[in-house]
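Shown next, in structure tokens, is the structure this report addresses.
Please treat every number below as a calculation from the coordinates, not as lab data. From a predicted model like this one, the values you see are computed outputs, not experimental measurements. Don't worry about glycine lacking a Cβ; one is built from the backbone with ideal geometry, like all the others, and counts go over all protein chains shown.
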Protein chains: 4
Amino acid sequence: MGGVDGDAGSGGEAYSRGRIDKRQAIVRAAFDVFARDGYAQASVDAIAAAAGVAKPTIYNHFGAKENLFRVVMADVGRRATAATLEVLGAFPAEPDDLRAELTQLGRRLTTCFADPVSTSLRRLLHAEIVRFPDLLDEVRAGAATPVIDALAGPLARLATAGHLQLSDPIRASNQFIALIGDELPALTALGTRPAPPEQIDAVVTAGVDTFLRAFGTADNSPALGDPDPHAATTSHPT
Amino acid sequence: MGGVDGDAGSGGEAYSRGRIDKRQAIVRAAFDVFARDGYAQASVDAIAAAAGVAKPTIYNHFGAKENLFRVVMADVGRRATAATLEVLGAFPAEPDDLRAELTQLGRRLTTCFADPVSTSLRRLLHAEIVRFPDLLDEVRAGAATPVIDALAGPLARLATAGHLQLSDPIRASNQFIALIGDELPALTALGTRPAPPEQIDAVVTAGVDTFLRAFGTADNSPALGDPDPHAATTSHPT
Amino acid sequence: MGGVDGDAGSGGEAYSRGRIDKRQAIVRAAFDVFARDGYAQASVDAIAAAAGVAKPTIYNHFGAKENLFRVVMADVGRRATAATLEVLGAFPAEPDDLRAELTQLGRRLTTCFADPVSTSLRRLLHAEIVRFPDLLDEVRAGAATPVIDALAGPLARLATAGHLQLSDPIRASNQFIALIGDELPALTALGTRPAPPEQIDAVVTAGVDTFLRAFGTADNSPALGDPDPHAATTSHPT
Amino acid sequence: MGGVDGDAGSGGEAYSRGRIDKRQAIVRAAFDVFARDGYAQASVDAIAAAAGVAKPTIYNHFGAKENLFRVVMADVGRRATAATLEVLGAFPAEPDDLRAELTQLGRRLTTCFADPVSTSLRRLLHAEIVRFPDLLDEVRAGAATPVIDALAGPLARLATAGHLQLSDPIRASNQFIALIGDELPALTALGTRPAPPEQIDAVVTAGVDTFLRAFGTADNSPALGDPDPHAATTSHPT
DNA sequence: GATGAATGAGTATTCATTCAT
DNA sequence: TATGAATGAATACTCATTCAT
């Protein structure tokens, strides 16, 4: 029941391994339960059961449900950011085909954003920000800001190299993210349903096209007309 | 403690008036409490107290907490949509200064999106979509889709009139919303903090500029360079 | 289980009777359980079971365990005081045989002091005074002070009438209580075991004798020698 | 947090010394915690922390909380009795000024009775006698009986020597204790508040006076009237 | 229709105790 | 011997819901 992959069975090498394993098991199980039930409805009993530990073990490790929640959120935030940053890190410094590269980047980013970890984190943040106002900053410190910055860097380099025409890379970074990702919540029912990949692709392609219309230079192959004029694939925000 | 008698003594205009008043009072109070505490943590006791009615009265009207929640969400969704549609309805059919009109539209829309009703609805949807998967469709049917459509219409007209160059008005509508609104959650801490108006203005201005760079025609006053190159006002998504 | 006499079955006359009955039942049952288990170990579950009500009913009436405890203690304090005051009120204004009257008073008082209600109150006060420092004053205000005063009055009158020779009736009142009652805790194992009446009698008789030796006048029949010189009946304080 | 290592590094005088030290440390700490929180509410965790040992160490030494409690109570009972017996042992065999000597004895005894160790013991006995009915006998065997006896001896000698006129020294011993000490609980809030020394003195003086009125002979300086007729200092029993 | 009162089921948290080290 | 870690059992308190009035 519950339980993520968990490399628990790796054999008991060190003494303290059990401790760490249990702590990790609790954090993973807690995320699953929190994501499913929300903070308030997630019972510590359910978390303990999912983690395969006794309830007091959770209290020994985390002291209180709230603490556990914070640890889980920070952990998940870190994981989600890492995945996104890895994608951004793979963006080539000097792309051959800028449109193609941006499109691939957009696809990969949407995959990150649509990932269960990412969407659950999103939902939990929205759900609990009133109760835990500081949570947002804690998670975002290691989550959103670096992502925008990590995209702004390459964009600035592309501008310097003459491949893009923009003066505020941070803003352009935000706008790129907005153009390719803003429809995701609507398409995926806030991350609870997988979206048809071709719909996402259409959004990304259109987003990249608009981005290049706005910021591209002559060397970007001009997308004549709209690249994918299927109105049917359009979605609506939430 | 518990159960004020409310406006019982207000004299009997119509017999059924008190009934309707109480129902409305409950729905309004319930929204406040749900917005503050979330669905699970919102106690029917608290709602009854806030509405100035006895607990069983709530059950007489709505049967169960879940029903009340659905009614509240539908009601709020309707209110939020109405406000947004009103803003969109005010968009002139034949604008003099397209950039100015789009900017004003963007400002008004961001005001709608940042409204407590709207942001609370957003948070509650995120929070409860797992428990109530159908809620999204119920609310969106009367909320998001019409908004995009209501913007797509004018955009299409502008394209026909030669003021914009776009082939998929629905998609452009989505992108306009994305460009002006995607940073709002980050700027307002998911709607829990008021954002400095000048930051929002900067985002809107930049969004409109990018939109016009991408879709504008010669008759839109060309924004030479970036109109508001203050990187400081840039924010990050969530 | 448990449950004091409880005139519950007196038939449902008034509407609100059930409410009062339940409240009383809870208070009585709570006293039994508190007396048996102490404050901390007395579970609200046990009290509810003993009172024949559901647990939340207790919380509806008293809010918290601590509150219930305070109410119970005040109630018991009142009852214990009332019983003692009644005994003192029966002391004749102009006794024929002072020694006999004092002895009877002493016997009755010791009966009061050894009563389960009184001894349980005593034990609970000792047990919880650290946790509830104000409890003592609350209970004593209506408990001990009036008792001493109620005895001091008659003593003063007897002194005025020439039957006793004392100048500080309050102090004499305290001393009378001390002489007849100080051994009670030792004799009754702090009120947990019934003491042989003859042992109590012996203490009372000896106490009255000492009291009259100290404060009596010629018209008190002199107790020649010690009236009951059985060392065996002597006990020890705690 | 949790488990200091204590004075572990103090160098090994005797091997078993640390053991004994730890045992003693546990007993002392346990008394403090029991006195503060009561038996049921005193957590073994708190005791371990106060003693500077790990929780299992307590179980290694005492097996169970109940055992520890018994050991602590016996220990404290022994200490309290020893202090009282020491005071009684200092009572002169052939006093010059009986009234003065008795008064000093009374003062010293009240000091013993009001000592934190003594009052805490008292409170714990009252609190736990229902749960541990045998505790009283265990503690009293080494506590109360010897005290009465130790006072009865000198009183008997004084009677034999003609300084007192009494036939039952045990009873007189009890009564002396009652007269000087019965108000102590009321004056000290069951030992939780220090009583104004002059109030205690007044009680002792008055108690000794009454005692001598009852049992004194011509060679005790007659206290004409009451020695300290300040009604204000009078207190009330509990 | 509205309500005061009652309740069955459930929640977070704590504690005495034990095991493996 | 001493301890870090783990646990089964229990506890105060809350909540959505119902019933009698």
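Shown for the stretch D:15-78 is the translational diffusion coefficient from the Stokes-Einstein equation, using the Kirkwood radius over Cα pairs, a temperature of 10 °C and a viscosity of 1.306 mPa s: 139 µm²/s.
Under the √(5λ) rule applied to the eigenvalues of the Cα gyration tensor, what semi-axes describe the equivalent ellipsoid of the stretch A:111-192? Give them in Å, descending.
Equivalent ellipsoid semi-axes, largest first: 28, 16, 9 Å.
Peptide A:163-173 has a mean of 5 when you count, residue by residue, the C-beta atoms of other protein chains within 10 Å of its C-beta. Each residue of the stretch B:145-159 is assigned a 3J(HN,Hα), and the resulting list reads 3, x, 5, 4, 4, 5, 8, 4, x, x, 4, 4, 4, 5, 5 Hz, derived from the Karplus form 6.51 cos²θ - 1.76 cosθ + 1.60 (θ = phi - 60°), x at Gly and Pro.
Rg of the Cα atoms in the stretch B:72-233, relative to 2.2 N^0.38 Å, amounts to 1.07.
In nanometres and ascending order, the distances from the A:Gly162 label point to those of the other copies are 3.5, 13.5, 13.5 (point 7 Å from Cα along Cα→Cβ). Under 5 Å from the amide H of A:Leu164 lie the amide H atoms of A:Ala159, each residue being 5 or more positions distant or on a separate chain, with H modelled from the backbone and absent for Pro and chain starts. Here the chain D residue lying nearest the rotation axis onto B, judged by its C-beta and given with the distance in whole angstrom, is D:Gln41, 15. For the stretch A:53-66, 3J(HN,Hα) computed residue by residue from phi via the Karplus equation (6.51, -1.76, 1.60; θ = phi - 60°) reads 10, 7, 4, x, 4, 4, 6, 4, 7, 10, x, 7, 4, 4 Hz, glycine and proline entered as x.
What separates the Cα centres of the stretch C:114-160 and the stretch A:119-141 is a distance of 57 Å. The distance separating the Cα centre of the stretch A:180-211 from that of the stretch C:59-81 comes to 64 Å. The stretch between D:Arg36 and D:Tyr59, if pulled fully straight at 0.36 nm per residue, gains 6.2 nm over its current Cα-Cα span. Using a cut-off of under 12 Å, list every residue of the stretch D:112-127 whose amide N is near the label point 7 Å from the Cα of D:Glu86 along the Cα-to-beta-carbon line. From the stretch D:112-127, the list is D:112. Take the residue pairs C:Lys65/D:Lys55; B:Lys22/B:Lys65; B:Lys65/C:Lys65; B:Lys55/C:Lys22; A:Lys22/A:Lys65; B:Lys22/C:Lys55 and return only those whose Cα atoms are more than 24 Å apart. Violating the 24 Å Cα-Cα cut-off are C:Lys65/D:Lys55; B:Lys65/C:Lys65; B:Lys22/C:Lys55.
Could you give the length gained by full extension between C:Ala100 and C:Ala218, i.e. 0.36 nm per residue of separation minus their alpha carbon distance, to one decimal place?
Residue separation times 0.36 nm, minus the Cα-Cα distance, leaves 40.9 nm.
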